[in-house]
């Protein structure tokens, strides 16, 4: 019984109704030789060794990662670097979620800690980590 899923090609239909695969046609070039030639054309230029630029720690910039490296003080104002709806995608500690409720982009860390009922030291550490992860940015 012939396989119902196999196609019968018209030129082979009279050969006992056996399904046959079409013949493979070789390309007009040697694939192995082509691969060798392609590999030989790749040239790796010697990388010029240049020291990285001096790292500065801007305050009030737009990069939460860069400003997270700066010292976080009670006078700095954090703001969200993403929408509040996107916060649901992050596995945040409960204290971080509480602090983020008070981040408006206008209140300094000291006021956020006071309003959230969290110690200033803990608020600074948690907000610093959130900025390092790119969730917050800092303003002056």
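Stretching the chain fully between residue 125 and residue 25 yields a gain of 29.4 nm (0.36 nm per residue, less the alpha carbon separation).
In this simple spin-label model, placing a label point 7 Å from the Cα along the Cα-to-Cβ direction at both residue 36 and residue 115 gives a separation of 7.2 nm.
Can you give the extra length, in nm with one decimal, that the chain gains between residue 139 and residue 104 once fully stretched, where that is 0.36 nm per residue apart less the Cα-Cα distance? List each step's numbers first, then the result.
Numbers: separation 35, 0.36 × 35 = 12.60 nm, distance 1.14 nm.
Here the segment from residue 139 to residue 104 would lengthen by 11.5 nm.
Quarter the surface of the alpha carbon convex hull of region 64-139 and you get the mean projected area, 4.2 square nanometres.
None of the figures in this text is laboratory data; all of them are computed from the coordinates on show. All figures in this text were calculated on a predicted structure; none of them were measured in a lab. With ideal geometry, Cβ positions are generated from the backbone for all residues, glycine too; neighbour counts draw on all protein chains shown.
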